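Undergrad: Here you go, one structure.
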């Protein structure tokens, strides 16, 4: 019996002249975590990302408030 083909879903946020994927937003947060905070990815236990295209920002809360802030989309 053949294995069922796995479907793929991609979320793309388009606003104004910009376009960014869900994966890119998550990767940008991981980069911020490692480069700006000097932390390891394995230390992230929870990540909440609030995307506000009208402000060109992503607001984040890591590990239930251990770190929070924003970055540009």
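The values are calculated or read from the model by the stated rules, or taken from the named source; none is laboratory data. Given the structure is predicted, the values throughout are model-derived calculations rather than measurements. When we count neighbours, we look across all protein chains shown, and the Cβ atoms used for this are built from the backbone with ideal geometry, even at glycine.
Undergrad: Can you pull out the residues in the stretch 1-50 that are surrounded by 10 or more Cβ atoms within 10 Å (Cβ to Cβ) and over 18 Å from residue 68 (Cβ atoms)?
TA: The answer is 12, 13, 15, 18, 19, 20, 21, 22, 23, 24, 27.
Undergrad: OK, next. Output the residues belonging to the stretch 45-54 that are modelled with pLDDT of 95 or more and not in a strand (DSSP E or B).
TA: 45, 46
Undergrad: Residue 15: touching a helix residue (DSSP H, G or I) at 6+ places or on another chain (Cβ under 7 Å) and at pLDDT 95 or above, yes or no?
TA: no
Undergrad: What's the number of the only condition in (1) modelled with pLDDT of 95 or more; (2) in contact with a strand residue (DSSP E or B) (Cβ under 7 Å, 6 or more places away or on another chain); (3) within 26 Å of residue 8 (Cβ to Cβ) that residue 30 fails to meet?
TA: For residue 30, the failing item is (2).
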